[in-house]
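Heads up, the thing below is written out as structure tokens.
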Amino acid sequence: MMTRFGARFYDFYTYPVNATLMAAVGKRYGFSGINVIGRDPKEKIICPEDFSIYRGVEIRAKPSRIREEIRKYRGSDHILIVNGGEEDINRAAVETEGLDILIHPLEFNNVLAKAASDNSVSIGFNLGLLIRLRGEARVRELKTMWINLKHARKYKLQLMLTCSAQSIYDLRAPREMVAISSLFGMTEKEAVDAMSETPLNILRRKSPDYIQEGIEIL
């Protein structure tokens, strides 16, 4: 069972105040890389050996502007993320080709899941919410994640796990994230793949040698 933890793990949704420190601690926890949101590209970050730091763009806009913002960054090497919400936000996100990840949609259904599948959009689960929330709020988030997982499985969507860390104290090791994700029904294999296979597939699609699914320049 533990052989799965020999994979290369990534957290693709972090907001570190100190990216150099976050990278150092992430490597110690067993990660091979993190995706940093909203940092100055000119900022100098000291990266540990055999560790990668990627830069992402979180698109925050009205539903009518989300498609335009995705198209603006499509074709770049930035990892494009929309923080999900109500159905109109989620629909604009998954129906637009070029988005990499839709994080924690509050209203998700079969129609949106089908659109996400058609456009190769991964569905993210923000475990940081489960860690920080208590009581009824935590129960509501668990239910939302369970529903999202059910639709994602039906359409074989790629899953992504994150703790949405802003500091080293928000980070959790991959084994801990697997344990937390089991609270809403995610299997160990699904959780491991969500931190390894899904990020690697996103990076593969960002490669200049990638044309479309199933076609690659050799």
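Structure above, values below:
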| read-out | value |
| --- | --- |
| Chymotrypsin sites (Phe, Trp or Tyr not before Pro) within the range 22-109: DSSP coil, no more than 15 neighbouring Cβ in 10 Å | Phe51 |
| Inter-centroid distance (Cα atoms) of the range 149-180 relative to the range 66-87, Å | 20 |
| Relative contact order [Cα under 8 Å, 6+ residues apart], the chain, whole percent | 21 |
| Size of electric dipole in the chain: Cβ of Lys, Arg +1 and of Asp, Glu -1, about Cα centre, debye, nearest 20 | 300 |
| Arg28-Glu136 FRET efficiency (beta carbon distance; Förster radius 35 Å; 0.05 resolution) | 0.50 |
| Extension gain (nm, one decimal) between Arg8 and Lys62, 0.36 nm per residue minus Cα-Cα | 15.9 nm |
| The range 4-79: relative contact order in percent, alpha carbon pairs under 8 Å with at least 6 residues between | 26 |
| Neighbour-count order for Ile147, Ile123, Ile103, fewest beta carbons within 10 angstrom listed first | Ile147, Ile103, Ile123 |
| Cβ-Cβ FRET estimate between Ser182 and Asn18, R0 fixed at 41 Å, reported to 0.05 | 0.85 |
| Extension reserve of the Ala173-Lys206 stretch, reckoned as 0.36 nm per residue once the Cα distance is removed | 9.3 nm |
| Label point distance in nm, Trp146-Ile46, each placed 7 Å from Cα along Cα→Cβ | 4.7 |
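Throughout, read-outs are computed from the coordinates displayed, never taken from laboratory work. All values derive from a computational prediction rather than experimental measurement. FYI the Cβ positions are ideal-geometry reconstructions off the backbone, even for glycines, and counts take in every protein chain you see.
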